[in-house]
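Student: I'd like to ask you about the structure that follows.
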Amino acid sequence: MAEVSAQDLISQLSKSPESHKRKEYLHWDDYFMATSLLSAKRSKDPVTQVGACIVDSQNRIVAIGYNGFPRNCSDDVFPWSKAKKGSQEFDPLEDKKMYVVHAEANAILNSNGMSLSGTRLYTTLFPCNECAKLIIQVGISQVLYLSDKYADKPTYRASKRMLDAVGVEYKRHIPQKKTITIDFDTFPEEDPNASLGLNELHL
Ligand SMILES: Nc1ccn([C@H]2C[C@H](O)[C@@H](COP(=O)(O)O)O2)c(=O)n1
């Protein structure tokens, strides 16, 4: 068996993956957008699930939200459908847009009244005009979004008009990582001591 000098051992150890900074860590913008995407998973909207996350200048998440009905307005009672104009059974009161609180508005409301001045908002869908009003009023200074699928609609054009007028920056987030997998099975199910019965020992 070849002998390994102490010096060799030290240099080998210093080359092991555990001795270096991990390279696959999430960058801030991906991290916050992924947080918004995770939040969107809470939405009951069958068509579009939106998530939003507000972050302060020190990269601390100060609030998150997703689109849903106001508290205590039951998801099983209020409509998740869109009323079709022109159809015989058209009933504007049976349209989700009358009731849904948008993800961005929920995130702002979830901040519990703390100052949002100078914060960044990460949202999976570009904010509408109503949310743009709130964004401006609370002093959010930057909006990062993933999708702008309704860009041609007047409400989204009005939103950009307001954001442009007051200098709130907005930009599409281009993820550095294509996929982020969350697999609960990759984590140990239980405390390793449990299998040894050590948890039952009261020493
Ligand atoms: N920036 C946005 C835009 C829309 N939402 C919500 C409102 C609805 O629940 C849903 C859009 O439904 P669709 O018209 O695609 O059937 O997304 C939001 O939270 N934030």
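Student: Being open to solvent by 40 Å² or more (accessible area, probe 1.4 Å), among the aliphatic types (A, V, I, L, M) and not in a loop (DSSP other than H, G, I, E, B) is the filter here; which residues of segment 82-141 pass it?
Tutor: LEU93, MET98, LEU109, LEU134, ILE136, VAL138
Student: Any idea which of (1) of a type in the set (Ser, Thr, Tyr); (2) in contact with a helix residue (DSSP H, G or I) (Cβ under 9 Å, 6 or more places away or on another chain); (3) modelled with pLDDT of 95 or more; (4) exposed (fewer than 10 other Cβ atoms within 10 Å of the Cβ) is the one TYR66 doesn't satisfy?
Tutor: Status for TYR66: all satisfied but (4).
Student: For residues that are among the charged types (D, E, K, R), free of Cβ contacts under 8 Å to residues at least 24 places away in the same chain and away from the ligand (no atom under 14 Å from the Cβ), tally how many sit in segment 125-170.
Tutor: 2
Student: Within segment 47-57, restricting attention to residues that are open to solvent by 10 Å² or more (accessible area, probe 1.4 Å) and within 8 Å of the ligand (Cβ to nearest atom), which residue is farthest from the chain's Cα centre (by Cα)?
Tutor: Per the criteria, the residue is VAL47.
Student: Taking segment 93-152 only, how many residues are within 19 Å of LEU38 (Cβ to Cβ) and modelled with pLDDT under 95?
Tutor: So the count comes out to 0.
Student: Farther than 28 Å from GLN58 by Cβ, open to solvent by 90 Å² or more (accessible area, probe 1.4 Å) and either modelled with pLDDT under 95 or within 16 Å of the chain's Cα centre (by Cα) (or both): does that describe PRO192?
Tutor: For PRO192, the condition - farther than 28 Å from GLN58 by Cβ, open to solvent by 90 Å² or more (accessible area, probe 1.4 Å) and either modelled with pLDDT under 95 or within 16 Å of the chain's Cα centre (by Cα) (or both) - is met.
Student: Another question, then. For the structure I just gave you, tell me whether LYS97 is free of Cβ contacts under 8 Å to residues at least 40 places away in the same chain and either closer than 21 Å to TYR156 by Cβ or within 12 Å of the ligand (Cβ to nearest atom) (or both).
Tutor: Yes.
Student: Got a sec? Which of LEU37, LEU26 is touching a Gly at 6+ places or on another chain (Cβ under 7 Å), touching a residue at least 60 places away in the same chain (Cβ under 8 Å) and open to solvent by 40 Å² or more (accessible area, probe 1.4 Å)?
Tutor: LEU37
Student: State whether the residues of segment 51-74 include one that is more than 25 Å from LYS171 (Cβ to Cβ) and either part of a helix (DSSP H, G or I) or among the aliphatic types (A, V, I, L, M) (or both).
Tutor: Looking through segment 51-74, none of the residues is more than 25 Å from LYS171 (Cβ to Cβ) and either part of a helix (DSSP H, G or I) or among the aliphatic types (A, V, I, L, M) (or both).
Student: Would you check if PHE78 is within 12 Å of the ligand (Cβ to nearest atom) and open to solvent by less than 30 Å² (accessible area, probe 1.4 Å)?
Tutor: No: the conditions fail for PHE78.
The values are calculated or read from the model by the stated rules, or taken from the named source; none is laboratory data. Predicted model only: the values in this text are computed from it and were never measured. Ideal geometry is used to build each Cβ from the backbone, glycine not excepted, and the neighbour counts take in all protein chains shown. Protein only, heavy atoms only, side chains kept; ligands, DNA and RNA dropped before computing areas. Shrake-Rupley method; radii C 1.70, N 1.55, O 1.52, S 1.80 Å.
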